[in-house]
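Below: the structure, in structure tokens.
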Amino acid sequence: MISKTSLLVIAVAAGLAAGACGSKAGGAGAVDYSVSAQRNYEKGIKELEDKDWLAASKYFTFIKSRFPYSKFAVLAELRLADAQFGAEQYLEAIDSYRLFIKFHPTHEMVGNGYATFRIGEGYYKQLSGDFWMFPPSSEKDQSSTEDAANELKTFLDKYPDSPFRDKAKDIIKQVGKRLADHEWYVARYYWDRGKPMGTVLRLRRLLERYRGVGYDEEALWLLGRAYVAVDMNDRAKLAWTELVNKFPKGDRASDARAALPGLASKRSK
């Protein structure tokens, strides 16, 4: 079976051959090459805006081939990555953005963080959603999710003035929620199977890394219970005291208040 990437390469090659003859077919992917690099670049940008990723790829590939020393040839490399991204070929796009950064480190679109941001966004876009026929995303391996988080955090650290920071922060919140979902799932998995120390380790990681995404109250309550189960009552007291102080009106705060005196009595025995 021919991959999407192979089909794109074949189509681009066909487009170049057609362009050499000055022909232009109708429909998606159709191109009409011009005699200048700038004009072809403008046409490619228009195709990006219209989401005709194939036609855009043809224009940018044509520029690289026919006008290799033009400033638009460098821009065409970046826009080819954008076309791959738009076509949901995220791995290919990530590789293309990395190459652009490597070979054009002083370019404006590297300096403002655009290429680096798109790498992180590309990892995020690869994350699968939940579908009723398959296990929830929280139960799956989170390697790609962690890649997205790491790339976007690197971006935020490296480009403090980038115009793409707000969007990166929004994505990081979504990625953080997904990673927190996974930590909670694993913590509950250990707890339900009578392995409280595994629950402790997972909940501590959840609370250290993913505060504020919706699990804090429940995580502190279960953490206290897990500490009690492994005879670490002093730490259970700390967890439940924090729960009471931070969520005084929550249901779990009431549970914690009721449980705290029992810890004191156990310690006195």
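The values are calculated or read from the model by the stated rules, or taken from the named source; none is laboratory data. Source: prediction; values computed, not measured. Cβ atoms come from the backbone with ideal geometry, glycine included; neighbour counts cover every protein chain shown. What goes into the accessible areas is simple: the full protein's heavy atoms, side chains included, and nothing from ligands, DNA or RNA. Shrake-Rupley method; radii C 1.70, N 1.55, O 1.52, S 1.80 Å.
Computed values, structure above
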{"quantity": "Carbon and sulfur %, accessible surface of segment 208-269 computed with the full protein complex present, 1.4 Å", "calculated": "49 percent"}
{"quantity": "Solvent-accessible heavy-atom area per residue, rounded to whole Å², over segment 172-269 at 1.4 Å", "calculated": "56 Å²"}
{"quantity": "Residue 199 - accessible surface, heavy atoms, 1.4 Å probe, Å² rounded to 10", "calculated": "0 Å²"}
{"quantity": "Per residue accessible area of segment 32-81, 1.4 Å probe, in Å²", "calculated": "51 Å²"}
{"quantity": "Neighbour net charge for residue 165 - beta-carbon separation under 12 angstrom, K R +1, D E -1", "calculated": "0"}
